[in-house]
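Take a look at the structure set out below.
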Amino acid sequence: QVQLVESGGGLVQAGGSLRLSCVASGRTSSSYVMGWFRQAPGKEREFVSAISGSSTSTFYANSVKDRFTISRDNAKNAVYLRMNSLKPEDTAVYYCAAGVHGIMTRRENEYDYWGQGTQVTVSS
């Protein structure tokens, strides 16, 4: 089992920045793909970003490209999401996820472990 704990969410004004963190424990592996997803009120959960185990590959949803940056520190079993130029539409609960298959994907059902989420609220 892998446990994921997110932190770093909060309330920020439009145009501001936040950095989310996700720390993994348990049967962790640097080969796991790590992803971030989000769920806004009344909407389905959606993909935000993913990073390969070696950090050589990343990809983003079009809605956050050029504003968000995903990174990871395998020595700390951590993955981060730096969010700049935040917009009110970025308001959501953000979830960290781990995919043991090592395949880069935006599909939720390809991820095996999930955190509890951290709330991000962007005011206009």
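Just so you know, all these numbers are worked out from the coordinates, no wet-lab data involved. Note that this is a predicted model, so its numbers are computed, not measured. Cβ atoms come from the backbone with ideal geometry, glycine included; neighbour counts cover every protein chain shown.
Just a few scattered comments:
- Under Karplus coefficients 6.51, -1.76 and 1.60, residue-wise ³J(HN,Hα) of region 7-21 in Hz, glycine/proline x: 7, x, x, x, 9, 9, 7, 4, x, x, 9, 9, 10, 8, 10
- Subtracting the Cα-Cα distance of Thr69 and Asn84 from their residue separation scaled by 0.36 nm leaves 4.6 nm.
- Dipole size of region 4-124 about its Cα centre, with +1 on Lys/Arg Cβ and -1 on Asp/Glu Cβ: approximately 180 debye, rounded to the nearest 20.
- Working note: Karplus 6.51/-1.76/1.60 with θ = phi - 60° gives region 23-32 the couplings 10, 9, 9, x, 7, 7, 8, 6, 7, 5 Hz, where Gly and Pro are set to x.
- Normalising the average separation of contacting C-alpha pairs (under 8 angstrom, six or more residues apart) by the number of residues puts the relative contact order of the chain at 36 percent.
- Relative counts (whole %) of C-alpha pair distances in the chain, using bins that are 10 Å wide: 15, 51, 29, 5, 0
- Take the Cα of Ile103, go 7 Å toward its beta carbon, and the backbone nitrogen atoms of region 1-39 under 16 Å from that spot belong to 32-35.
- Additional length obtainable on full extension of the chain from Ser31 to Gln13, 0.36 nm per residue less Cα span: 2.9 nm
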